[in-house]
Amino acid sequence: MPDQHAEGDPTEPRVTRLPSGVTVVSETIPSALSVATGVWIGTGARHERDAEAGRAHLLEHMLFRGTRSYTSAEVDQRFDALGGDLNAATSRDETAVVARVLADELPGAFPMLGEMVAAPLLRDDDLALERKIVLEEISMIDDDPEELVFELLPTAVFGEHALGRPVIGTPEVVAGTDGDTLRDFYAGRYRPGRIVVAAAGAVDHGRLCELASVAVPTDPGPDRPEDDNDPGVAPPTAPRVIFRRRDTEQVQVAIAGRGPGMGDDRRYTLRVLDTILGGTPSSRLFRAVREDRGLAYAVATFDDQHRGGGMAGVYLGTRAENLAEALTIVAEELARIAREPVDEDELTRAKQNARARLLLGLESTQARMHVLGRAVLHGLELRSPHDVAERIDAVTAEDVRALAADLYAPEGLAAAGVGPDEDAFRAALAPVAGHLPGA
């Protein structure tokens, strides 16, 4: 078993590739009483073809429907009895099944977690029920304007590239996926070379490797090159505006440009830029739009980083009569931060905040496990919290200005909106990105 970081500091992350092809990574946190662990699979919405849109997410749901050794009820009951957490998620880049338990419960809990990935039953009668549940989830998103605007935005930014596709998929694909199709999808995607077992907390690396060797012994079967559907970097596309009419009191707005992707070193500058522009109660947009003028309750910046591309932008929700004024202010603030370097006091406060949020977040064993799992799955460098904090400290005012100029250039911005009047939305959007074609 090739083992990285086997010598030296015992709290340094250790990485081992098992004979099966599954990779195990762990980080020991001496003060922890619990272990956060997860099985990460390198298949998500970005790996699907149009005719498969939503199958990775549907398959994630099916993992909870029982394994060769445990019924669905037994899995739920055992984790309830342990007082632990069990969950799963599908993103554009991966699927993860994760849990947190007290350290001495890991030998009993991990085999269930591993079997959910390595030996799900995937029965036709369970699939019929799970399809109905996912279709209800799609309807729920469609009925929630704030969720819907973020479901629409990636398509406005990335166009027809897989990064623009909703993770949850389409009703047509979900409803039309039968058992044979889903089992074939599983066989092609849940392969040992695409699986990482991660853990952080009161964990022994050697014992975790033993558990993973038994619980995640996936049979790779013959090579299936047709399943390696990595679309690569999202090519340049013309940004656009997507609007959905809903009879709502507020208009939901999300505006974004192409941002740093996974592993891009500009993400440290982006942390600082986000803090200055819309990430805190003292940020520019929060003060200018909400506190000084009362034009919105919710206004914030956001970013998403994926393999092959990312996006960064601004979200707000406001009543129709306030929309034009609010977006004019947003346009002014985006132009200002791209034009004028921030002063040293504002930069120092932002770096202190970004560093503190990072380090406070990484006190969680779950957060540390997520960092490990994603980094190893996607071949990223494992950097210590101290190293990341130093990179944030090194960000300069010119770094912030240059990144803002790149992210928020009007010709690169896309937008999504949900509300009662598309014409009014487009008119209000003009100061920010009035050039955008529709969709």
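Ordered by residue, what ³J(HN,Hα) values in Hz, to whole numbers, does the range 285-301 give under the Karplus form 6.51 cos²θ - 1.76 cosθ + 1.60, where θ = phi - 60° and Gly and Pro are x?
Listing the rounded values in order: 5, 4, 5, 6, 8, 8, 5, 7, 10, x, 8, 7, 8, 10, 8, 6, 9 Hz.
Grab the beta carbon distance between A51 and E411, set R0 = 30 Å, and tell me the FRET efficiency rounded to 0.05.
With a Förster radius of 30 Å, E is 0.35.
Along the range 19-29, what does the Karplus equation 6.51 cos²θ - 1.76 cosθ + 1.60 (θ = phi - 60°) give for ³J(HN,Hα), rounded to whole Hz, x for Gly and Pro?
Per-residue couplings from phi come out as x, 5, x, 6, 9, 10, 10, 8, 9, 8, 10 Hz.
Computed from these coordinates, which is P(r) over Cα pairs in 20 Å bins from 0, in percent: (i) 24, 59, 18, 0; (ii) 23, 50, 25, 2; (iii) 24, 53, 22, 0?
(iii)
Express the relative contact order of the range 3-220 as a whole percentage, based on alpha carbon pairs under 8 Å and six or more residues apart in sequence.
37
Considering Cα pairs under 8 angstrom that are at least six residues apart, work out the relative contact order of the chain and quote it in whole percent.
On the way: 862 pairs, mean separation 94.3, N = 439.
Normalised by residue count, the contact order of the chain is 21 percent.
Given H placed on each backbone N at 1.01 Å, which residues far from V251 in sequence or on other chains put an amide H within less than 5 Å of it?
Residues meeting the amide H criterion: T318, R319, A320.
Quick one: Debye curve from the C-alpha atoms of the range 25-174, no solvent, what's log10 I(q)/I(0) at q = 0.10, 0.12, 0.15, 0.19 Å⁻¹?
-0.41, -0.58, -0.86, -1.15
Could you go through the range 103-108 in sequence order and give the Karplus-derived ³J(HN,Hα) for each residue, using 6.51 cos²θ - 1.76 cosθ + 1.60 with θ = phi - 60°, rounded to whole Hz, and x for Gly and Pro?
My calculation for the range 103-108 gives 4, 6, 8, 4, x, x Hz in order.
Taking a label point 7 Å from the Cα of E363 along the Cα→Cβ vector, which residues of the range 30-55 have an amide N closer than 19 Å to it?
30-36
Of all the C-alpha pairs in the range 241-433, what % are more than 32 Å from each other?
19
How large is the translational diffusion coefficient of the range 290-343 in µm² per second when you combine the Kirkwood radius over alpha carbon pairs with Stokes-Einstein at 37 °C and 0.692 mPa s?
Estimated diffusion coefficient is 257 µm²/s.
Taking 8 Å as the Cα distance limit and 6 or more residues as the minimum spacing, I'd like the relative contact order of the range 241-433 as a percentage.
With pairs under 8 Å counted, the relative contact order is 38 percent.
None of the figures in this text is laboratory data; all of them are computed from the coordinates on show. Just so it is clear, the structure is predicted and the values come from calculations on it, not from any experiment. No Cβ is skipped: glycine too gets one built from the backbone with ideal geometry, and neighbour counts run over all protein chains shown.
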